[in-house]
Amino acid sequence: MSEGRFLTGSTMGHVVRMTATGAFGITFVFLVDAANLFWIARLGDPTLVAAIGFAFAIQFFSVSSGVGLMIAATAMVSRSIGAGQRQEARVQAGAAMVMAVTFQAIVAMLIVVFRHDLVAMAGATGETARLAARYLAITIPSLLPMAIGLICSGVLRADGHGARAMYITLISGALLMSTDPVLIFWLGWGLDGAAIGLVAFRFALLVLGLWFAARQFDLIALPDASSVRRVLPVYVAVALPAVATQMATPVGNYLLTMVIAPFGDDAVAAWAVVGRLTVVAFGGIFALAASIGGIFGQNFGAGQYDRLRSTYRDALIFCALYTLTAWALLFAATPLVIDWFDLAGQGAVVLRAFTHAGVGAFLFLGALFVSNAAFNALGRPLRSTALNWIKEGVVTLPVALLLAGLVGAPGVIYGQALAGVLVGTFAAVWGWRFVCGLRDVPTVVLDAAPIRPYANPDRYRRR
């Protein structure tokens, strides 16, 4: 049985390598998404840009749930690999795929049925609301193939194949980038063309994911009913809090969209641009959170607790250096971004608030993401859930409302940033104390059945 890739060697090297491959793939996809918005902006109708902004606030829920399911699969499979149970890891991967598709099918059905109500609640009205609902009707059913692609990507990362996981998103993103101008302009389909391109991208994720994870590396076993039932409690124990954690961010984004909507379509269009800039500029931070789960998981499964501490420390250092670099680049690029996306009035003011001040919050938000990855992989996923919901559901909204009342639309950006600073600082300290408190004790003997990391709390003996 081959040894887990993350059990030896420099932890900083693993963090940088996995994050670099993940960042390149995820940043490219988000760059393509920003290009999608750019082509729509070239049509000269701010209503279309605002419609995508409202649709994104709702679509964010579904995508985040898929990411949560992927994180759960990565944590579960990586622990099995670290413990030397490779066949069990294959079974778990196949069962996770079935459960992820089932869950996303339910999510897709609910969003499609209630799409008009959801866009109205977000603050969209008239033609903007109609276009946003139409965009959702076209794109949301493709959550199912996307769920399979994400699980495949997570399984590849769990086994240390960061480059292959990157290829899945890189090649799929290239497809979307090449088809967007054709669908939006050459065929004249406008917003519908952008939606169809997104659907094609998600089916490409499915095909490439299965090719690399199942065909090339044989990391996924064909699931049957008995294996799904057996893995279900283990997967759900990680997936429920992981999905709940991921859902906090779209809830916060949705609430802030409601706060910024009264300031007009220009402000909402800028908010949509800010969302794209965030994921493009900080793809490395988002990739870090997804990538280091496998490093934590393998070393946890092998009982190497000293490497958990060094991984946590190295990830925090990486976050700080990455954020300072991205902040400088965004500050310098502000005039170009305003021109590219035809932002004016309130829109330009909102964007400057983000690139000049709001970006700095990622010095602390990065620490929140690192602590999330640690808690999820090390058996305390509810802590991640609590941290994210405190930030998005308790702190961000009242602070954003207060500052929006004082300084207008930019107050939404400032409120979001301040909440990130407060909760991120607390999360960094809490996560570090938890990782440092784990003792180097022998790993529990694992059953032939799925790993049950939460069934024995004595495993987490403290100093």
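Picking from residues in segment 178-209 that are farther than 17 Å from residue 138 by Cβ and surrounded by fewer than 19 Cβ atoms within 10 Å (Cβ to Cβ), the one that is nearest to the chain's Cα centre (by Cα) is 207. Restricting attention to segment 143-164, does a residue exist that is under 15 Å from residue 58 (Cβ atoms) and in a helix (DSSP H, G or I)? Within segment 143-164 (the criterion being under 15 Å from residue 58 (Cβ atoms) and in a helix (DSSP H, G or I)), the answer is yes, since at least one residue qualifies.
Cβ contacts < 7 Å: first residue over 18 Å from residue 257 (Cβ atoms), restricted to segment 384-397; second residue not in a helix (DSSP H, G or I), any location; separation 6+ or different chain. Result? Every condition considered, no pair remains. If you filter segment 302-314 down to residues that are over 24 Å from the mean Cα position of the chain (by Cα) and of a type outside the set (Ser, Thr, Tyr), you find that the one that is nearest to residue 77 (Cα to Cα) is 302. Inspection of segment 252-265 finds no residue satisfying the criterion of being surrounded by fewer than 22 Cβ atoms within 10 Å (Cβ to Cβ), without any contact (Cβ under 8 Å) to a residue 24 or more places away in the chain, farther than 30 Å from residue 432 by Cβ and of a type in the set (A, V, I, L, M). Here residue 140 does not fit the description of being within 24 Å of residue 212 (Cα to Cα), of a type in the set (A, V, I, L, M) and part of a helix (DSSP H, G or I).
How many residues are farther than 15 Å from residue 176 by Cβ and among the aromatic types (Phe, Trp, Tyr) if we restrict to segment 200-214? Number satisfying all stated conditions: 2.
Evaluated against (1) in a helix (DSSP H, G or I); (2) closer than 22 Å to residue 98 by Cα; (3) touching a residue at least 24 places away in the same chain (Cβ under 8 Å), residue 167 falls short on exactly one condition, (2). Screening 407, 412 for residues that are under 17 Å from residue 350 (Cβ atoms), surrounded by fewer than 20 Cβ atoms within 10 Å (Cβ to Cβ) and modelled with pLDDT of 85 or more leaves exactly one candidate, 407. Filtering segment 400-411 for residues that are out of contact with any Pro (no Cβ under 6 Å at 6 or more places or on another chain) and within 23 Å of residue 326 (Cα to Cα) leaves a non-empty set.
Mind counting the residues in segment 20-53 that are modelled with pLDDT under 70 and either outside any helix (DSSP H, G or I) or not small (Gly, Ala, Ser) (or both)? The qualifying residues number 10.
Just one of the listed residues (287, 320) is part of a helix (DSSP H, G or I), out of contact with any Ser or Thr (no Cβ under 6 Å at 6 or more places or on another chain) and on the phi < 0 side of the Ramachandran plot, and it is 320. Could you look through segment 112-129, keep only residues that are without any contact (Cβ under 8 Å) to a residue 40 or more places away in the chain and in a helix (DSSP H, G or I), and pick out the one that is surrounded by the fewest Cβ atoms within 10 Å (Cβ to Cβ)? Looking at residues that are without any contact (Cβ under 8 Å) to a residue 40 or more places away in the chain and in a helix (DSSP H, G or I), I get 126.
The values are calculated or read from the model by the stated rules, or taken from the named source; none is laboratory data. This structure is a prediction, so every number in the text was calculated from the model and none was measured. Quick reminder, even Gly has a Cβ in these numbers, built from the backbone with ideal geometry, and neighbours come from all protein chains shown.
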